[in-house]
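Have a look at the structure below before the remarks.
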Amino acid sequence: MTLPSQDQVPAGSPAGTAADGTYLGGRMCEVLEFAARHIPRLLSYEKHWKGKQDPVVSMNEKIVVEAALLAFACHRVSHAEPRIAAAVRELADVLLPYARSARNADLLARIPQSAASIGTSHLLLDRMGLPDARYEALHAAAVAAANPRVPERLPYRYMEQQWLASLAPGGRSRYAIEAPPGSVLYAQTTAVEMHPNDVYALTHAIMFGTDLGRRAADPRVGTDAVLATLDSCLALQLGSENLDLTGELLFSAAMLRPGTTCAYTRAGWDLLTGVWERLGYLPSPRFSTSEYGELAPAARPAYSFQHTYHTMFVAGILCAVLYDALGRPPRPHAHAAPDDVAADAALALAVKDYRLDVLTALLGRLTAAGGPLTPTAKAAARYLELQHTAPRDGTAPPAPAESGTTWHAPGPVDSVPGRGH
């Protein structure tokens, strides 16, 4: 399938196929330049955004915060690489008027709790060496005025509050960020039991809890158990070819244990970079070529950016985290073969699609082959047993929800990415 090729998405890619400094640096610059090129176009894109928007944090403001996070991650590794530093500074200069706009200042005064959302871009730019004394006074006053318990936050959002406080002037950056009771980081679970929202919570808890890989996670968190959960989630995303979550899971593993490597992360990296090399950009799961083709020419740039920007930003952050870990010895964390990745992907997909016939056949083959079962296989076996105990009234089980992945043509359930890597 041919995806659109237009000037609003990156074209081409730097030479190289290995995750070395030259390759990672080139990829970072590519994503930083992509962001710097599109941020000034947000106002023209805005009229084409679809869906209900948050009354406080609009789509444009969300993108600005995410672009600031990208710039911040790349800034941390830019000190020894002039081309990265130049690309970071270009993006930062573009972001400044958006991060410190009159509207944002008004929101900080009217809704102090917004310091934890729209105020983030100002804070990150300040940490990058771009201060603004008047805006910082307003931001600090808003933080002081906001009640830390309102709104009520999920555990990973509580960790985000701690992280932002550690970045603020005078923040306690040397202390670990606590993972509160109830955090998904303590769950020791697999993709079989998880909802997409749980995966989002997991990746963001790791991002905030490790300061993007710059500090150790809460010592109460079992790192090996979390890495096993990341492996299971990676297998599912490899099977469904969700590049967005694949990138987030890869940077989570790299943040949690810099230098980490195993069959799951290698398969994820191969998928992500393979698509990037082939297309020149990374589409989100909801990028639809048919929908794109039906749009008026004026709406196409906005659609393309909306359905590529987040995956591209995630990939840029991943490259920055991997770049930061260069020189560290590889740290294998699991004894897994490519066939384990493929089997886990097929099992998780069978569960999500409620294909009990496929699930039964896959588990049967794994059992007949002998050897230890992966955590995903064990969870899939428990899931299948639960289905056998459920009372039935003769009606068919509910159909699985639509995944929203429309840009690719999925292969058979037993033919998944990871096999042969």
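The values are calculated or read from the model by the stated rules, or taken from the named source; none is laboratory data. These figures come from a predicted structure and were not determined experimentally. All Cβ positions, even for glycine, are placed from backbone atoms using ideal geometry, and neighbour counts span all protein chains on display. Just the protein is used for accessible areas: all its heavy atoms, side chains included, with ligands, DNA and RNA removed. Shrake-Rupley method; radii C 1.70, N 1.55, O 1.52, S 1.80 Å.
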**Request:** Under a 10 Å cutoff between Cα atoms, tell me which one of 159, 255, 194 has the largest fluctuation in the Gaussian network model of the chain.
**Result:** 194
**Asked** What is segment 150-254's relative contact order, in percent, from Cα pairs under 8 angstrom and six or more apart in sequence?
**Response** 28 percent
**Complete:** The correct ranking of 290, 304, 240 by accessible area at 1.4 Å, largest first, is 290, 240, 304
**Message:** Using a Cα-Cα cut-off of under 27 Å, which lysines could be cross-linked to residue 378, ignoring same-chain neighbours fewer than 8 residues away?
**Reply:** 352
**5 Å-binned pair-distance histogram of segment 305-379 (Cα, whole percent)** = 3, 12, 17, 13, 11, 14, 13, 12, 5, 0
**Item:** Helix 196-209 axis, angle to the chain major axis (alpha carbon atoms, nearest 10°)
**Value:** 50 degrees
**Mean ellipticity per residue at 222 nm, deg cm²/dmol - from DSSP H runs of n ≥ 4 across the chain, formula -39500 (n - 2.57)** = -18000 deg cm²/dmol
**Prompt:** Hey, which lysines would be in cross-link range of residue 62, C-alpha to C-alpha under 26 Å, not counting anything within fewer than 8 residues on its own chain?
**Reply:** 47, 50, 52
**Asked** Which value results when the Cα radius of gyration for segment 11-111 is divided by 2.2 N^0.38 Å?
**Response** 1.24
**Asked** Hey, in the GNM for the chain with a 10 angstrom Cα cutoff, which one of 319, 29, 233 fluctuates hardest?
**Response** 29
**Prompt:** Normalised by the number of residues in the chain, what is the relative contact order in percent for Cα pairs under 8 Å and 6+ residues apart?
**Reply:** 20 percent
**Message:** Can you give me the solvent accessible area of residue 59 with a 1.4 Å probe, rounded to the nearest 10 Å²?
**Reply:** 40 Å²
**Message:** Per-residue counts of other Cβ atoms within 10 Å, averaged by peptide: what ranking do you get for 122-132, 259-269, 356-366, 338-348, highest first?
**Reply:** 338-348, 259-269, 122-132, 356-366
**Asked** Per 10 Å bin from zero, what fraction in whole % of the C-alpha pairs of segment 142-231 is there, up to the bin with the longest pair?
**Response** 16, 48, 28, 7, 0
**Fill in**
Mean-square fluctuation maximum in Gaussian network of the chain, Cα pairs under 10 Å, restricted to 115, 102, 350, hits 102
**Request:** Please give the helix 59-75 orientation as an angle from the longest Cα principal axis of the chain, in degrees from 0 to 90, rounded to the nearest 10.
**Result:** 90 degrees
**Fill in**
Once amide hydrogens are built 1.01 Å from N within the peptide plane, the residues lying 5 or more places from residue 260 or on another chain with amide H under 5 Å from its amide H are 331
**Item:** chymotrypsin sites (Phe, Trp or Tyr not before Pro) lying in DSSP loop within segment 151-244, provided at most 11 other Cβ fall within 10 Å
**Value:** 175
**Cα-projected label distance for residue 54 with residue 132, points at 7 Å along beta-carbon direction, nm** = 1.9 nm
**Request:** Please arrange 79, 38, 307, 335 by accessible surface area, largest first, computed with a 1.4 Å probe and ligands excluded.
**Result:** 335, 79, 307, 38
**Fill in**
Ranking 272, 373 from most to least accessible area with a 1.4 Å probe gives 373, 272
**Request:** Classify segment 34-78 as rounded, prolate or oblate, taking a ≥ b ≥ c as the square roots of the eigenvalues of its Cα gyration tensor: rounded when a/c is under 1.5, otherwise prolate if a/b is larger than b/c and oblate if not.
**Result:** oblate
**Message:** Could you compute how much accessible surface residue 120 exposes when probed at 1.4 Å, giving the result in Å² to the nearest 10?
**Reply:** 10 Å²
